[in-house]
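Q: Submitted below is the structure of interest, expressed as structure tokens.
Where a number appears in this text, it was derived from the coordinates with a stated rule and is not lab data. A quick note: this is a predicted structure, and the numbers were derived from the prediction, not measured. Ideal geometry is used to build each Cβ from the backbone, glycine not excepted, and the neighbour counts take in all protein chains shown.
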Amino acid sequence: MSEVAVLQLIGLVVVGIGLLILLFIKAMFVRVVGFVIIMLGIFSLIALGVPQMPSLPPAIETFDLASVKTPDDLAAIGQKIFFSKGQCALCHSIGPSESARCPDLKGIGAKLTPEFIYESLTQPQAYIYLDYRHQGPPKEYPARMPYINKNPIALSDQEIYSVIAFLQKMSGEPISIKVEDVMQLANTQQTMTVAAAHRSSDFERVNPTESTDAPESGEAK
């Protein structure tokens, strides 16, 4: 029996207890309690009857370099990252929105250079964009921009530039991010990862965790 079925059975039992109280007990206070129990049981049954949707984190989009042939391919990947792994749409809107917790990104690719957007993503406190949508002095938006290249989001440079390409395309601008430059970034990062692995391996060889030449206990030195 599923968990929902068990809870529904409990709800029916609660309703039954409430009905028994109303039918066989004359004390007014107890009858009121029985009525409340019936209402709680009915509301519980209604709530449990609503189809339950699992709350899952956004799917992580993989950056498939083999599929990137044109700037439009890069922008397509950037769009997926924008709405999934990058979590940009959680705070930013694309178009005017009174409920936006961060600046509206409509046309941002035409207003700002790729270098400025990159800085805003990787060093979000370098420049603070204020909210002018209300009367009085401008103020900061309620949500604080995270460092997009660090945990928990941790986008790579290739992913960041693909998002910038998406913002440019969305703004009707020619995509200035070059595919070959993004490929070069990927190759550079891969080389650095391999080099770091080799350095770690060399360190282990030079500094073994346990010395094999250590004298045994009681052996003369």
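Q: Could you please find all residues in segment 146-173 being outside any helix (DSSP H, G or I), in contact (Cβ under 8 Å) with a residue 24 or more places away in the chain, under 22 Å from the mean Cα position of the chain (by Cα) and surrounded by fewer than 19 Cβ atoms within 10 Å (Cβ to Cβ)?
A: First pass over segment 146-173, keeping only residues outside any helix (DSSP H, G or I): 146-156, 171-173.
Then drop every residue that is not in contact (Cβ under 8 Å) with a residue 24 or more places away in the chain, which leaves 147-149, 153, 155-156, 171-173.
Next, only the ones that are under 22 Å from the mean Cα position of the chain (by Cα) stay: 147-149, 153, 155-156.
Across segment 146-173, the qualifying residues are Tyr147, Asn149, Ile153, Ser156.
Q: In segment 67-101, how many are part of a loop (DSSP other than H, G, I, E, B), charged (D, E, K, R) and touching a Phe, Trp or Tyr at 6+ places or on another chain (Cβ under 9 Å)? First the steps, then the outcome.
A: From segment 67-101, those part of a loop (DSSP other than H, G, I, E, B) are 68-70, 84-87, 91-101; that's our starting set.
Of the ones still in play, those that are also charged (D, E, K, R) are 69, 85, 98, 101.
Checking which are touching a Phe, Trp or Tyr at 6+ places or on another chain (Cβ under 9 Å) leaves us with 101.
Result for segment 67-101: 1.
Q: Scanning segment 98-138 for residues that are surrounded by fewer than 11 Cβ atoms within 10 Å (Cβ to Cβ) and either of a type in the set (S, T, N, Q) or closer than 15 Å to Cys88 by Cα (or both), which turns out farthest from the chain's Cα centre (by Cα)?
A: Gln135
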